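Here the structure is laid out as structure tokens; the discussion comes afterwards.
The values are calculated or read from the model by the stated rules, or taken from the named source; none is laboratory data. Every value quoted in this text rests on a predicted model; they were computed, and no experiment measured them. So basically every Cβ, Gly included, is an ideal-geometry build from the backbone, and we count neighbours across all protein chains shown. Areas reflect the complete protein model, heavy atoms only, side chains present, ligands, DNA and RNA absent. Shrake-Rupley method; radii C 1.70, N 1.55, O 1.52, S 1.80 Å.
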Amino acid sequence: MADDSIAVVDLDRCQPDRCSYECKNYCPPNRTGKECITLRGEEADEGQPDQVHISEEICLGETCGICVEKCPFDAIEIINLPEELQDDPAHRYGENAFSLYGLPAPQEGQVTGILGPNGIGKTTAVRILAGELEPNLGRHEESPGWDEVLEAYRGTELQDYIADVRDGDVTIARKPQYVDQIPNSFDGNTRELLEQTDERGVLDELVERLSIGPVMEQSIDDLSGGELQRVAIAATLARDTDFYFLDEITPYLDIGQRVTAARLIRELAEEENRSMLVIEHDLAILDLLADTLHVAYGEPGAYGVITAPKSVRNGINEYLSGYLDNENMRIRPDPIEFEEHAPRTASHADALIEYPDLTKSYGDGEFTLEVEGGTIRENEVLGVVGPNGIGKSTFAKLLTGNLESDEGDADLDLDISYKPQYVTIDQHMRVDAFLSSITDQFGSSYWNTEIAQPLQLERIMEQNLSDLSGGERQRVAIAACLSDSADLYLLDEPSAHLDVEQRVQATKAIRRYAEQQDATVMVIDHDIYMMDLLADRLMVFDGEPAVHGRAGQPQPMRDGMNEFLANLEVTFRRDERTSRPRINKPESQLDKQQKQNGEYYYA
Ligand code: ADP
Ligand code: ADP
Ligand code: SF4
């Protein structure tokens, strides 16, 4: 086959006991007696028949693709690599396995970002940089060894770094992507966890700035996702190492907390001259956080390419435009665009819900929420913003009737479909069985086009809910919420653990669903870009987290964004080339001017 093609067999999917080697029986070279698709000559699992191997030499390439069509389990991918990709991979896990091209280049005193989808090799790259995985330069039969790897990177930005890794001189601290799993591996309270990692003697400052104080004596098991995220960030930054790797810092954090985490990471780079590498899907925060950016693209699960570093501004702009300039590479057919000026004119549709002034207190008034009466319109996407602990979920529960108000009566005779912030679907049940139990529409062409495709569910339908990654579980939960028939759809933090591409797809799916089904959707989220693309109007919560919250009426986007960002004292300017919103440096000329004019977002 052409030199630039690869064959990838996903061994988790290849189940020869349930097909009858149709790939092998139909492969044209096989039918003429060649050994293109063969058996591996080893048992997959105990008692399981032998899985297949594809010869990349003999295979005819993507234009044939017969085996890809024949395999009932989507286990095979035959891919023509882009012509531009001429170098050898940095690493390939084996024959017919994932390959990674390019590596990120961490720099002392700098924050290096990686922007790209999940499954594209970011963790693989970090394992190489941490010295845990010796890259094989694509030669999986005979490992070349670190000296040859160093030779391959001579003259590049990575040369010195790789020399240090070879000599065992790089120490690394790492924050995992899924903080929800930390309680499985740590018994004890927050203080115990943090004291173990405080190699730099900075615990008090980190605890204060990340507002961890109130949960210091609490068991790790009892922390919320947002608390776990902040504890994990503090535990990582407290370590004394050369290289820090943080895999997503924003899930479950509100914007104020996101900005604080970003500042702490920047300070560690600048003041202590450390190398920071960050994967982040909240573009407004990534923009604020990173000095340079590598874009990652490819075919998740099959191959990934990490580009040479770009300036953060160019990297994000190119990513959004769908075209990488230096690489001469289209990564998406359509650009992602933001409206610069007057946001969508708010609809004047009929009211779906009119609710009166409401109040709700917990316990002996430890927390009190006051809601100003308002209207939710039919067929709108209403965004809900505000800090954590301010009463957003409490309001949602008042609407769903799961909670009774102290004063005022929402008295809603409405069916509400609710996706909670922390997605807990993890039964031993297959995704397809779970979703078909929710809707009769499951599997219809409408459902497939509007829900399954944009949420990329096809490839995980046969998996068990309990085996899904955080991002996969989120997509199933969004699908489940939208598939239910209801008067109001309420999604709490749908962006958590989705990569940028998935956020955009989910945004489109939610908007189209609202438009085509005349559905009314309320979305609580902290990703400003997602909110901008998604919402018709905004409802702003403010007050003092965990003490008292106040919810204003839904209002047009411009007014809502101004009120919300004024509470946070954060202003956005527009990128000159793409109109994309960018956070201003505090106290910069523009920041001061915009605050004076009261224009925080659509300036
Ligand atoms: P990301 O961090 O971008 O989500 P990863 O680096 O974790 O991506 O994984 C990229 C691909 O490499 C995945 O398809 C994964 O299945 C595959 N992979 C990871 N580790 C191994 C391994 N030890 N052997 C074979 N394939 C692997
Ligand atoms: P948000 O959704 O904005 O993060 P919540 O509505 O979940 O905020 O919570 C607001 C405040 O109320 C928090 O301080 C939270 O700890 C408290 N709270 C939430 N539910 C309960 C409850 N059932 N009992 C006591 N306090 C609660
Ligand atoms: Fe055989 Fe390659 Fe065609 Fe698959 S794509 S059927 S391996 S020639």
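Some observations on this one:
- Charge dipole (debye, nearest 20) of the chain; +1 at Cβ of Lys and Arg, -1 at Cβ of Asp and Glu: 1180 debye
- Angstrom value of the Kirkwood radius, inverse mean 1/r, which spans all Cα pairs in the chain: 26.0 Å
- Placed amide H near Asp525: partners under 5 Å, 5+ positions off or other chain: Val384, Glu493
- Percent accessible area from carbon and sulfur atoms, the chain, protein chains only, probe 1.4 Å: 41 percent
- Distant-in-sequence amide H partners of Arg580 (H built 1.01 Å from N, under 5 Å): Asp575
- Global form of the range 1-153, assessed from the alpha-carbon gyration tensor, a/c cut-off 1.5: prolate
- Other-chain or far-sequence residues with amide H under 5 Å of Phe367's (modelled H): Tyr362
- Comparing Val170, Ile54, Ala234 along the charge dipole axis of the chain, the residue lying farthest to the positive side is Ile54, per the Cβ-charge model.
- Excluding ligands, DNA and RNA, the accessible surface per residue across the chain is 43 Å² with a 1.4 Å probe.
- Percent of Cα pairs exceeding the 18 Å cut-off, where the set is the range 478-603: 59 percent
- The range 367-408: radius of gyration and largest Cα-Cα distance (Dmax), Å: 11.1, 32
- With coordinates expressed along the principal axes, the C-alpha atoms belonging to the range 423-529 extend over 33, 28, 21 Å, beginning with the largest.
- Helix 255-272 and the longest principal axis of the Cα set of the chain meet at an angle near 50°.
- Phi-based couplings in Hz for the range 377-390 (Karplus 6.51, -1.76, 1.60; Gly and Pro marked x): 8, 4, 6, 10, 9, 9, x, 10, 10, x, x, 5, x, 10
- Rounded to the nearest whole Hz, the Karplus-based 3J(HN,Hα) values (6.51 cos²θ - 1.76 cosθ + 1.60, θ = phi - 60°) of the range 90-107 follow the sequence 6, 7, 10, 5, x, 5, 6, 10, 4, 10, 10, 10, x, 9, x, 10, x, 10, with x at glycine and proline.
- About its Cα centre, the dipole of the range 261-397 is roughly 300 debye, where the only charges are +1 on Lys and Arg Cβ and -1 on Asp and Glu Cβ.
- Its relative contact order, with pairs defined as Cα atoms under 8 Å and 6+ residues apart, puts the chain at 13 percent.
- Karplus-derived 3J(HN,Hα) values for the range 191-199, using 6.51 cos²θ - 1.76 cosθ + 1.60 with θ = phi - 60°, are 4, 4, 4, 5, 5, 4, 9, 7, 6 Hz; glycine and proline are entered as x.
- On Cα atoms only, tilt of 312-321 relative to the major axis of the chain in degrees: 80 degrees
- Tilt relative to the chain, helix 500-516 - C-alpha long axis, 0 to 90 degrees, to 10: 60 degrees
- Cross-linked pairs Lys508/Lys585; Lys392/Lys419; Lys175/Lys585; Lys175/Lys392; Lys175/Lys397; Lys34/Lys70: Cα-Cα separations exceed 22 Å for Lys508/Lys585; Lys175/Lys585; Lys175/Lys392; Lys175/Lys397.
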